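The values are calculated or read from the model by the stated rules, or taken from the named source; none is laboratory data. Because the structure is a prediction, the values reported are computed rather than measured. Cβ atoms come from the backbone with ideal geometry, glycine included; neighbour counts cover every protein chain shown. All accessible areas refer to the heavy atoms of the entire protein, side chains included, with ligands and DNA or RNA removed. Shrake-Rupley method; radii C 1.70, N 1.55, O 1.52, S 1.80 Å.
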Amino acid sequence: MGNKHLHNGLLAFIVAGCMAVAGCTKEPPPDPNTITITFKHSKLFGDPAALQTLIKEFEREHQGIVFHTSKEPGIRVKDETLPSSSDEQHQFYVINLEAGSSDFDVFAIDVIWVAEFAKAGWLRDLSKLLPAQDREEFFRGPVEAVTLDDRVYAIPWFIDAGVLYYRKDLLAKYGGVPPPRTWGKLVRIAADIPKHDIWQGKQYEGLVCNVLEYLWSSGGAVLEDGKVVIDSPENREALKVMVDLVRTYRVTPDLVTTLTEEPSREIFGRGKAIFMRNWPYAWRLLEQDGSPVKGKVGMTVLPHFPKHPSAATLGGWQLAVNKNSKHPEAAEQFVAFMTSAKAQKHLGLTVGFQPTRKALYEDAKLLAAQPALAELYKIFQRARPRPVSPYYVLLSQAMQSEFSAALAGVKTPEEALSALQSQMEQILKRHK
Ligand code: GLC
């Protein structure tokens, strides 16, 4: 008896103490009239408050209602972040979804994973959120990526494509030349000024995005009619140019092999480079108050090799619902809200996510905030998808390691591409 009193007293003390100490977070008691869904996504490159505002708004719109004898549960959203690298997120999801986890309901997936996750049966069919007649409202690339056998497995949230950032002031000083249209011209300007050309050369998914832009803009390809065609004269030439940027022309510093998106943005943002390849998100951060390059940055299409068009890798993130979610209807409502025109516009204005809904490219507020929006629209229309395959991640891992060996000088571009050709053929053969 005495012990029980002591126990209760201690508990009351701990609870009271917890309430008194600032920062001691305590879960509110479960409310039988409220459902909680968990939303997983990567850490944002911008201010996380922007997403919180939307989540709060969704929760306000979905408060529980008790009316006579009927009850409509409210929905709360628990927001959980993962590291920003696509590869690390992929690993997290594969481990958890494979194990049948229901710890998260809604999650953001890279455009390259949809085929794999849908085939594995991990994604809820969201076709009714994006019926055939509404698909035209979105860019074609992401819609194709989320559609398998006419079923839709995720809703495009924001779109990405590789772009060239350049320093307007330095080009003006250099005689008022326009941004370079060819890779050769880019090398010439960067060598003359001299200031660096920065891109993402670390061994990870971003490297594949960068290299493919060189290969495609030389007339090369990875797969054609399901056949591996990576070991071609065009690709050898293009990969050699990338290696030469670092080793021969020295317009790209050696440290490029350690760079992902954010470190490249920081180097360019400190004024250390004249050119940078990156995704459109960087523009807002480079132009924000206090940025040393504010007002000096331009953004345009990537250069290309003579006689071939420029090529941008299609990127971007989609919202999916875990097949094992315990609250699939609530999760679907949240996906519909987060991918709505209103939410996409808010994220465009606050964190610089580019909308997947085409109509927003005529929105006056977004146009004012992002002067290159019309050019981006054209870039997104033409952006090229990485090979769409349930085995994409295996193909990518092979590309990451061979491209990286070429950049590090461990293999010649010829050796790397020839090895890659047989590895990719084997991967596809094994999974026929
Ligand atoms: C961006 C793109 C994504 C790509 C990744 C590579 O997040 O949206 O598609 O895979 O960068 O780093």
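To the nearest 10 degrees, how steep is helix 183-192 against the longest Cα principal axis of the chain, on a 0 to 90 scale? Computed tilt is about 80 degrees.
What's the tally of Lys pairs in the range 188-342 whose alpha-carbon atoms lie under 25 angstrom apart, where the two lysines are 8 or more places apart or on different chains? Total qualifying Lys-Lys pairs in the range 188-342 comes to 12. Within straight-line reach of Lys78, meaning a Cα separation under 12 Å, sit the following aspartates and glutamates at least 8 residues removed in sequence or on another chain: Glu27, Glu59, Asp103, Asp105. Computed with every protein chain present, the accessible area of Lys185 is close to 90 Å² [probe 1.4 Å]. Close amide H contacts of Thr313 (hydrogens built in the peptide plane, cut-off under 5 Å, sequence separation of 5 or more or a different chain): Gly162, Arg384.
Under 8 Å for C-alpha pairs, at least 6 residues apart: give me the relative contact order for the chain, rounded to a whole percent.
On the way: 721 pairs, mean separation 101.0, N = 432.
Here the relative contact order equals 23 percent.
Atom-type composition of the exposed protein surface of the chain places 54 percent of the accessible area on carbon and sulfur (1.4 angstrom probe).
Adding -39500 (n - 2.57) for every DSSP H run of four residues or longer, then dividing by how many residues the chain holds, sets the calculated 222 nm ellipticity at -13000 deg cm²/dmol. Once backbone amide H atoms are built at 1.01 Å from N, Ser84 has Lys43 as its partners under 5 Å, excluding neighbours fewer than 5 places away on the same chain.
The amide H of Phe138, built 1.01 Å from its N in the peptide plane, has Lys358 as neighbours under 5 Å, considering only residues 5 or more places off or on other chains. Indicate the gyration tensor shape class of the range 302-392 (rounded, prolate or oblate), computed on the Cα atoms with a ≥ b ≥ c the square roots of the eigenvalues: a/c under 1.5 is rounded; otherwise a/b larger than b/c is prolate and the rest oblate. Taking the square roots of the gyration eigenvalues as a ≥ b ≥ c, the range 302-392 is oblate.
With the simple spin-label model, which puts each label point 7 Å out from Cα in the Cβ direction, the Glu80 to Arg181 separation comes to 5.1 nm. The gain in end-to-end length when the Glu329 to Val94 segment is fully stretched comes to 82.3 nm, 0.36 nm per residue minus the alpha carbon separation. Between the range 348-421 and the range 115-159, the alpha-carbon centres lie 19 Å apart. Taking a ≥ b ≥ c as the square roots of the Cα gyration tensor eigenvalues, the range 187-265 comes out oblate, since a/c reaches at least 1.5 and a/b does not exceed b/c.
Tilt of helix 2-20 relative to the longest C-alpha principal axis of the chain, in degrees (0 to 90, nearest 10)? Roughly 50 degrees, rounded to the nearest 10. Could you work out how far helix 341-351 tilts from the main Cα principal axis of the chain, as a 0 to 90 degree angle to the nearest 10? Between the helix axis and the principal axis of the chain, the angle is about 70 degrees. Among the protein heavy atoms, those of Val177 account for about 40 Å² of accessible surface (1.4 Å probe, every chain in place). PRE reach from Tyr174 (point 7 Å along Cα→Cβ): which of the range 184-204 fall under 12 Å by backbone N? It comes to 184-198, nothing else.
For Ser396, the accessible area of its heavy atoms, probed at 1.4 Å with every protein chain present, is near 0 square angstrom. Taking the DSSP beta bridges in the chain as the whole, what percent of them are antiparallel, to the nearest 5? Once the DSSP bridges in the chain are tallied, antiparallel ones form about 65 percent. Listed by chain and number, the aspartates and glutamates placed with their C-alpha closer than 17 angstrom to that of Lys345 are Asp47, Glu57, Glu137, Asp160, Glu362, Asp363; residues fewer than eight positions away on the same chain are left out.
How much area per residue is accessible in the chain when the probe is 1.4 Å and only protein heavy atoms are counted (Å²)?
Roughly 47 Å² per residue, with all protein chains present.
Dipole orientation for the range 284-353: of the candidates Ser325, Pro303, Ser340, Pro303 has the Cα lying most toward the positive pole (charges on Cβ; Lys, Arg +1; Asp, Glu -1).
FRET efficiency for the Thr258 to Lys71 pair, using the beta carbon distance and R₀ = 51 Å, is estimated at 0.40.
Which shape class, rounded, prolate or oblate, goes with the range 238-322 when its Cα gyration tensor gives a ≥ b ≥ c as root eigenvalues, a/c under 1.5 marks rounded, and past that a/b bigger than b/c marks prolate? Here the range 238-322 falls in the oblate category. When Ile193, Ile427 are compared by accessible area at a 1.4 angstrom probe, the order from most to least is Ile193, Ile427.
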